[in-house]
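So the structure is just underneath, and the comments pick up after that.
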Amino acid sequence: MKILQGFLIFMGVVAVLAIMALIIGYVLALLTPDIRSSMRPVVLSSEAVDSMDKKMSNLRKEVTAAQSTQTATNIELVLTEEEVNSTLVMMLAEGTLPAKEILTNFNDGYLMIYTAWNFPGLPLKTGVIGQIEIDGGKPKFIVKDFYLGTFPIPNSVDSGVQIWANMLIKINVPLEELKLDLKEVTIGDGQIIIKGVTRVAK
């Protein structure tokens with residue numbers, strides 16, 4: 001859950017920096033990004049939140065068991081749009097994130113994230129299209145498109161967004177804590193499948 005929180009907070013910070021750097025119109029930043037209309041709605045439920053919590057708990061148990069026997073074990077985690085979105089909306093309700101609306105879609109090889117931020121006096125709306133690759137056993141977020149309101153941000157800013165995103169992923173993803181090396185991330189059909197292997201002490 002930390003990576004979700006860290007990544008989404010980062011997106012809000014980048015949105016503010018993008019405004020300052022590009023001096024774009026205030027009104028444009030408040031409008032809904034075009035990608036929002038192409039995203040499908042997701043059914044939310046408390047059961048989906050419980051399901052994601054259970055999956056994360058089971059993952060930690062599997063990793064702990066593998067570590068105790070010093071056996072390299074293949075791990076697979078499957079998260080659905082319903083689970084991820086329901087958990088994010090719960091975080092909004094708890095006031096964990098400075099946003100009033102979040103929607104994530106898992107499509108064929110890429111993900112889409114729409115966020116309506118709730119910064120005082122600056123209710124920005126952002127959209128992101130990206131992919132996740134594996135680099136040395138760790139996740140690397142690749143930004144394909146970033147929208148601030150209806151304004152598509154130039155590629156040069158996309159690169160900056162990507163750098164910040166990967167810095168936050170490095171800080172928030174508990175891979176070192178779990179002693180887990182990622183091998184594959186597959187996005188598609190409304191879900192994300194994460195495969196990895198537990199590390200064995202040498």
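The values are calculated or read from the model by the stated rules, or taken from the named source; none is laboratory data. Here the structure is a predicted model, which is why all the values come from computation and not from measurement. Here the Cβ positions follow ideal geometry from the backbone for every residue, glycine too, while neighbour counts run over all protein chains shown.
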Output for the stretch 104-144, where each listed residue is within 24 Å of Leu92 (Cβ to Cβ), among the polar types (S, T, N, Q) and under 14 Å from the mean Cα position of the chain (by Cα) | Thr104, Asn105, Asn107, Thr115, Thr126
Before we move on, is Val49 part of a loop (DSSP other than H, G, I, E, B), under 25 Å from Thr87 (Cα atoms) and at pLDDT 90 or above?
-> no
Only listed residue being in contact (Cβ under 8 Å) with a residue 12 or more places away in the chain, crowded, with 16+ Cβ neighbours inside 10 Å, farther than 15 Å from Val197 by Cα and not aromatic (Phe, Trp, Tyr), chosen from Ala66, Ala48 | Ala48
So Leu178, is it touching a helix residue (DSSP H, G or I) at 6+ places or on another chain (Cβ under 7 Å), surrounded by 15 or more Cβ atoms within 10 Å (Cβ to Cβ), modelled with pLDDT under 85 and closer than 21 Å to Leu79 by Cβ = yes
If you go through the stretch 29-45 one residue at a time, how many are surrounded by 15 or more Cβ atoms within 10 Å (Cβ to Cβ) and more than 16 Å from Ala116 (Cβ to Cβ)?
-> 0
Tally, over the stretch 94-103, of residues that are part of a strand (DSSP E or B) and either under 15 Å from the mean Cα position of the chain (by Cα) or within 21 Å of Met52 (Cα to Cα) (or both) | 4
How about the stretch 58-93: which of its residues are of a type in the set (A, V, I, L, M), over 21 Å from Glu47 (Cβ atoms) and under 23 Å from the mean Cα position of the chain (by Cα)?
-> Val63, Ile75
Look at Gly127 and say whether it is farther than 22 Å from Ile192 by Cα and touching a helix residue (DSSP H, G or I) at 6+ places or on another chain (Cβ under 9 Å).
-> no
Among the residues of the stretch 76-91 satisfying the criterion of being closer than 10 Å to Met52 by Cβ and of a type in the set (Asp, Glu), which is modelled with the lowest pLDDT?
-> Glu83
Has the stretch 139-157 got any residue that is surrounded by 14 or more Cβ atoms within 10 Å (Cβ to Cβ), hydroxyl-bearing (Ser, Thr, Tyr) and either modelled with pLDDT under 65 or closer than 27 Å to Ile75 by Cβ (or both)?
-> no
